[in-house]
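Shown next, in structure tokens, is the structure this report addresses.
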Amino acid sequence: MSQDQKPTVIITGASSGVGLYAAKAMAKRGWYVIMACRNLEKSQKAAESVGMAADSYKILHLDLASLDSVKKFVQSFRATVRNLDALVCNAAVYLPLLKEPMRSTDGYELSVATNHLGHFLLCNLLLPDMKKSPYPDKRMVILGTVTANPKELGGKIPIPAPPDLGDLKGFEAGFKEPVTMINGKKFKPGKAYKDSKLCNVLTMRELHRRYHESTGITFSSLYPGCVAETPLFRNHYPLFQKIFPLFQKHVTGGYVSQETAGERVADVVTDPEMKQSGVYWSWGNRQKPGRQSFEQEVSNEASDRDKAEKMWNLSAKLVGMS
Ligand SMILES: NC(=O)c1ccc[n+]([C@@H]2O[C@H](COP(=O)([O-])OP(=O)(O)OC[C@H]3O[C@@H](n4cnc5c(N)ncnc54)[C@H](OP(=O)(O)O)[C@@H]3O)[C@@H](O)[C@H]2O)c1
């Protein structure tokens, strides 16, 4: 607990969508929110637009597509001299229409670099900070998604391809030009997103296995539902962006508002009934008022212990931890 007696949460990608509404929900629940964002001006306007009180948050610069920026962010967080009681790894890019891969500052394929490698380093660097905090119910939460989980209805759509890390040949080869995919095969941008989200869940499970008992930290993931109106889909066809929310509202019944998604993230961080570690939470694919959360089974690949370990060791190498 810090000087103002509020517990502190860091939320990455809090400048829009799920992250912004999670920041709003956490501030409403009495937490101090560190909004970890790459565009400070945009984030300031976003916080004001959802009515967050000026003394409930601070915006710090973080570009997850740069390992150096991740390290600098950790330094600037430490300079706030606040304890760290919760971390929400939420930021992501989804670039389904790319013809050629884009690269992070460090030369890695951009979706995996941003969504997975940046967060992987961040979690590892902040683990000692969380460990140090005396807060009794510390939680580290990483956003997952349905399309990366073939055990869920919404994850059975094999377009452009199901997630799969193969035997991680691409990671083994260093993941730089000309490598574009974790499995070392041909570039498929939509699959790169799914693979990165699969890595997010594998990371959460491996964090749980390695550190839950020794630190008491709860590690969890969630699928917040289909939040069809967030800017996540900004790189999709304009027609898709128009039709997708309507389709989810009126055909699949899967539509979830940004406000509800933010509350769901806040529940995973604070609800005493969601304290179990190593869990992937879901509210299902079809939304009904009052829908309760439940523990969603993860895919065979996401529960593959050997793969998790291999993914962890190779990621550690790629981010310079070993
Ligand atoms: N929308 C859905 O239906 C849905 C469903 C399941 C899971 N999710 C998950 O929910 C999370 C949030 O998605 P969203 O729908 O809220 O998307 P969004 O509105 O596009 O938000 C993504 C956030 O990530 C930030 N970001 C992107 N690249 C970054 C980088 N290099 N460094 C730091 N921040 C970066 C963005 O910052 P800028 O504002 O600067 O671009 C933005 O704040 C993601 O993990 C996504 O996989 C979403």
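The values are calculated or read from the model by the stated rules, or taken from the named source; none is laboratory data. This is a predicted model, so every value here is computed, not measured. No Cβ is skipped: glycine too gets one built from the backbone with ideal geometry, and neighbour counts run over all protein chains shown. Heads up: the accessible areas ignore ligands, DNA and RNA and are worked out on the full protein's heavy atoms, side chains in. Shrake-Rupley method; radii C 1.70, N 1.55, O 1.52, S 1.80 Å.
For region 153-261, the relative contact order comes to 17 percent (Cα pairs under 8 Å, sequence separation of at least 6). Note on residue 100 and residue 305: their simple-model spin labels are 4.5 nm apart, each label 7 Å out from Cα toward Cβ. A simple spin-label model places the labels of residue 291 and residue 317 4.1 nm from each other, with each point 7 Å out along Cα-to-Cβ. For the chain, the relative contact order is 19 percent, taking Cα pairs closer than 8 Å that sit 6 or more residues apart in sequence and dividing their mean separation by the residue count.
Shape class of region 222-322 from the alpha-carbon gyration tensor: oblate, with a/c at 1.5 or above and b/c at least as large as a/b.
Filter 71/317; 42/131; 138/194; 185/242; 24/45 down to the pairs with a C-alpha to C-alpha distance above 21 Å, please. Kindly include the intermediate steps, with their values, before the conclusion.
Values: 71/317 15 Å; 42/131 32 Å; 138/194 28 Å; 185/242 32 Å; 24/45 13 Å.
Flagged as over cut-off: 42/131; 138/194; 185/242.
What does a probe at residue 251 reach in region 160-181, counting residues whose amide N is under 17 Å from the point 7 Å along Cα→Cβ? Once the point is set 7 Å along Cα→Cβ of residue 251, 160 turn out to lie under 17 Å by backbone N, inside region 160-181. Put simply, when 17-28, 179-190 are sorted by average Cβ atoms within 10 angstrom per residue, most first, you get 17-28, 179-190. Ordered from largest to smallest accessible area (heavy atoms of protein chains, 1.4 Å probe), the residues 237, 57 come out as 237, 57. The H on the amide N of residue 62, modeled in the peptide plane, is under 5 Å from the matching H of 37, 38, each at least 5 residues off or on a different chain. Quick check: from the Cα gyration tensor, does the chain come out rounded (a/c under 1.5), prolate or oblate? In terms of gyration-tensor shape, rounded.
Based solely on its DSSP helices, what 222 nm [θ] is calculated for the chain when runs of n ≥ 4 H residues each add -39,500 (n - 2.57) and the sum is averaged over all residues, nearest 500 deg cm²/dmol? Walk me through the numbers before you get to the answer.
Details: 9 runs with 117 residues, N = 322.
Computed ellipticity for the chain at 222 nm equals -11500 deg cm²/dmol.
Which loop trypsin sites (Lys or Arg not before Pro) in region 126-158, with loop taken from DSSP, have no more than 13 other Cβ atoms within 10 angstrom of their Cβ? Here the sparse-neighbourhood loop sites are 156.
Amide H contacts under 5 Å for residue 287: 254, 255, restricted to partners 5 or more places along the chain or on a different chain, H placed in the peptide plane at 1.01 Å from N.
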